[in-house]
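Structure, as structure tokens:
The values are calculated or read from the model by the stated rules, or taken from the named source; none is laboratory data. These figures come from a predicted structure and were not determined experimentally. Cβ coordinates were reconstructed from backbone atoms using ideal geometry, including for glycine residues, and neighbour counts include every protein chain displayed. Ligands, DNA and RNA are stripped out before the accessible areas are found, and what is left, the full protein with its side chains, is counted by its heavy atoms. Shrake-Rupley method; radii C 1.70, N 1.55, O 1.52, S 1.80 Å.
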Amino acid sequence: MMEGRDNKGQFAEGNKFSPGRTPVYSNGDELAEKLLEYFEWIKGEFIIERKITSKTTGKGKDTVTTTEDEPVKIWVRHPEEPTMTGLAIYLGFESRQSLYDYGKKDGFSYPIKRALLEVENNYEKGLFGDKVVGVIWGLKNMGWTDKTETKLSGDSENPITVNQITGMVVK
């Protein structure tokens, strides 16, 4: 056994080589609240200002000036798409792996799985757009695969027929 490591070869808690980091979240409820906060935060932030416009029509005695007051949305922070790394960064983790590791802890599994499903859902919705290459790549990194099946059928008296089925398959 190497100095500072446990019997699995991992850094032991409190060793002089890697003091370890204090857990970021102490319970699942605290984490779930922060996850909800992330999904609100990515919606962006805006202010409403009033835009006043005046129009003058006609000539002479027939001149009419109208004034319109309409609200205008001005983005302070633009909305963004949910991502795995964005989620990990917002939660204060140093890597996506830390996010996945938290998902293995008792009490943290459901909120993490639910948040990751929300991100995956957003990618899946991207399949309906015109530019899907990046979306497909992202989904493949989430466990989706392109699958092609070739089924051969027939016997010694009949010719072999080939049926191919192609499509995206979820985990």
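Are any residues in the range 128-156 over 17 Å from the mean Cα position of the chain (by Cα) and among the β-branched types (Val, Ile, Thr), and if so, which ones?
Once the filter is applied, which keeps residues that are over 17 Å from the mean Cα position of the chain (by Cα) and among the β-branched types (Val, Ile, Thr), the range 128-156 yields THR145, THR148, THR150.
Output the qualifying pairs, or none if there are none: Cβ atoms under 7 angstrom, residues six or more apart or on different chains, first residue in the range 104-126 and among the basic types (Lys, Arg), second residue open to solvent by less than 50 Å² (accessible area, probe 1.4 Å).
Within 7 Å, the pairs are LYS113/GLY103.
Could you grab the pairs with beta carbons closer than 8 Å, sequence gap of 6+ or different chains, first residue in the range 89-103 and under 19 Å from ILE42 (Cβ atoms), second one hydroxyl-bearing (Ser, Thr, Tyr) and exposed (fewer than 14 other Cβ atoms within 10 Å of the Cβ)?
Every condition considered, the pairs that remain are ARG96/THR85.
Residue by residue, here is whether (1) hydroxyl-bearing (Ser, Thr, Tyr); (2) touching a Leu at 6+ places or on another chain (Cβ under 7 Å); (3) at pLDDT below 85 holds:
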{"residue": "LYS113", "(1), (2), (3)": "no, no, no"}
{"residue": "LEU116", "(1), (2), (3)": "no, no, no"}
{"residue": "GLY126", "(1), (2), (3)": "no, no, yes"}
{"residue": "TRP137", "(1), (2), (3)": "no, no, yes"}
{"residue": "THR148", "(1), (2), (3)": "yes, no, yes"}
{"residue": "LYS151", "(1), (2), (3)": "no, no, yes"}
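With respect to TYR90, is the statement that it is open to solvent by 60 Å² or more (accessible area, probe 1.4 Å) and among the aromatic types (Phe, Trp, Tyr) true? Show your work before the answer.
Working: open to solvent by 60 Å² or more (accessible area, probe 1.4 Å): no; among the aromatic types (Phe, Trp, Tyr): yes.
In short, no.
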